[in-house]
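The values are calculated or read from the model by the stated rules, or taken from the named source; none is laboratory data. Quantities reported herein were computed from a predicted structural model and do not represent experimental measurements. Don't worry about glycine lacking a Cβ; one is built from the backbone with ideal geometry, like all the others, and counts go over all protein chains shown. Only protein heavy atoms, including side chains, enter the accessible area calculation; ligands, DNA and RNA are left aside. Shrake-Rupley method; radii C 1.70, N 1.55, O 1.52, S 1.80 Å.
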Amino acid sequence: MHLEKLSLTNFKNYEDARYVFGQQVNVIVGPNGSGKTNLLDAVYFLSLSKSAFQTQDALSILHDTDYFIIDGIFEEHTDRNVQITISLQRGQRKVLMADKKPYERISEHIGRFPVVLVAPNDTDLVREHSEDRRHFFDGVLSQLDSTYLRDYLMYQQVLKQRNSLLKLFAERSQVDNDLLDTYDEPLLVLGQKIHERRKQFIDEFLPSFRVHYAYLSEEREEVNIVYESEMSNPDFADEFRHFRRRDTVLQRTTMGVHKDDYSFIIGGGNNQPPVPLKKFGSQGQQKTFVIALKLAQFDQLQTEKGIKPILLLDDIFDKLDDRRIGKLIQQMDEGVFGQLFITDARPERTRELLNKVKADVRFFEVGKS
């Protein structure tokens, strides 16, 4: 599976652009601010129906225009090409089509063309809030498992409705417990399903993740990921109902899988105590940790889907030391990955780094007048 052609109309800084990509390594070069990352985001958007960097679709429309169109041709199998088109008019709903036919549900598209992005801000997964870590793992699971995606979207919908109801109760200073029951029951059932799938996923994910970390770090230390959830408590349902009054006062649901977190741990071998990566990990260890996360994501998607995901490497050579760059290039040379997209503001450096790679390498310069 690979992206063969891409055309952009009014997408971010691209008024009108057309590209024909190679099946292996595609290098996007140009000065900072020229649109390299935006081009990667277009590939990501086409694969997952959303931006990797913007929370609102309308923010991807070119300034002073009213719409954008992303159109691409994927080679889904050796004998089948699929045209995917995403368009958005300001003030209207996004339209996603396969071979010019709209999907009944956009969620049906998720996971069809798997993609993995490695970006400079990935270390936010380590340093920032639990929401960032949940978002990452939910994104991985959503591409892997359509049932999980359906349960997750339904949970979010019921959660939003329950929070609206809590706000209404607070305004009226009156609680209807029977009405709350109609939201609590599905929230608990869906939450339990999500909890069990997340727990199962981490067990499956850890071996691959540890292999990649060991490879990139030359086995310098052990690592672990601990899934933390209030739903691990067998009495969670009773506690959830017990704190209804608190939820009403705060006007939001304070317990549930939307509060889960993942602890990133380093150490634990060679007489080293396990410690939080966020507090005790060096910058190099944090970068290695998140790249190992993304490469393990690649493995999981490839195993589940039977195809190699598209791998997007944004400004990766500027953020890693020579040893870790060498490890990644070695994997490229060994054919570990499928189609790659790499951005770099210094084309000479990339040409030198990839000079001996056996794969077909194509360069695309953006930002030229």
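Some values worked out for this structure:
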read-out	value
Simple label model, 7 Å out from Cα along Cβ direction - residue 211 to residue 179, nm	5.4
When region 127-306 is reduced to its Cα atoms, the Kirkwood hydrodynamic radius in Å	18.1
Alpha carbon centroid spacing (whole Å) that separates region 1-37 from region 307-364	16
Inter-label distance for residue 156 and residue 238, nm, one decimal - labels placed 7 Å from Cα along Cα-to-Cβ	3.4
Potential lengthening between residue 226 and residue 246 on full extension [0.36 nm per residue; Cα-Cα distance subtracted]	4.4 nm
Compactness relative to 2.2 N^0.38 Å, alpha carbon Rg of the chain	1.07
Förster-model FRET efficiency, 30 Å R0, residue 124 and residue 304, C-beta, rounded to 0.05	0.70
Note, ³J(HN,Hα) from phi for region 69-77, Karplus 6.51, -1.76, 1.60, rounded to Hz, x at Gly and Pro	9, 10, 10, x, 10, 9, 8, 6, 9
Cross-link pairs 12/278; 94/160; 100/193; 193/279; 278/358 - those with Cα-Cα distance over 29 Å	12/278; 100/193; 193/279; 278/358
Burial order of peptide ranges 28-39, 130-141, 352-363 (average beta-carbon count within 10 Å, highest first)	28-39, 130-141, 352-363
Percentage relative contact order, region 178-307, counting C-alpha pairs under 8 Å, at least six apart	29
Mean projected area (nm²) of the alpha-carbon convex hull when region 25-134 is viewed from all directions	9.1
R0 of 25 Å, Cβ-Cβ distance residue 79-residue 200: FRET efficiency to nearest 0.05	0.10
Heavy atoms of residue 1: accessible area, 1.4 Å probe, square angstrom to 10	40
Peptides 106-114, 54-62 ordered by average Cβ neighbours within 10 Å, highest first	106-114, 54-62
Segments 328-337, 10-19 sorted - mean Cβ within 10 Å per residue, highest first	10-19, 328-337
Helix-only [θ]222 nm of the chain, DSSP H runs n ≥ 4, -39500 (n - 2.57) each, per residue, nearest 500	-14000 deg cm²/dmol
Mean separation of Cα contacts under 8 Å, 6 or more apart, over the residue count of the chain: relative contact order %	25
Cα convex hull of region 191-287 - mean projected area over all directions, nm²	8.1
DSSP-defined beta bridges in the chain - what % are antiparallel, rounded to 5	70
Cα-centre dipole for the chain with unit charges at Cβ (Lys and Arg positive, Asp and Glu negative), debye to 20	480
Average accessible area per residue (Å²) across the chain - probe 1.4 Å, nucleic acids and ligands excluded	50
FRET E, pair residue 147, residue 20, Förster distance 45 Å, beta-carbon r, rounded to 0.05	0.80
Axial C-alpha extent at least 24 Å, average Kyte-Doolittle at least -0.5 - helices from the chain (DSSP)	177-217
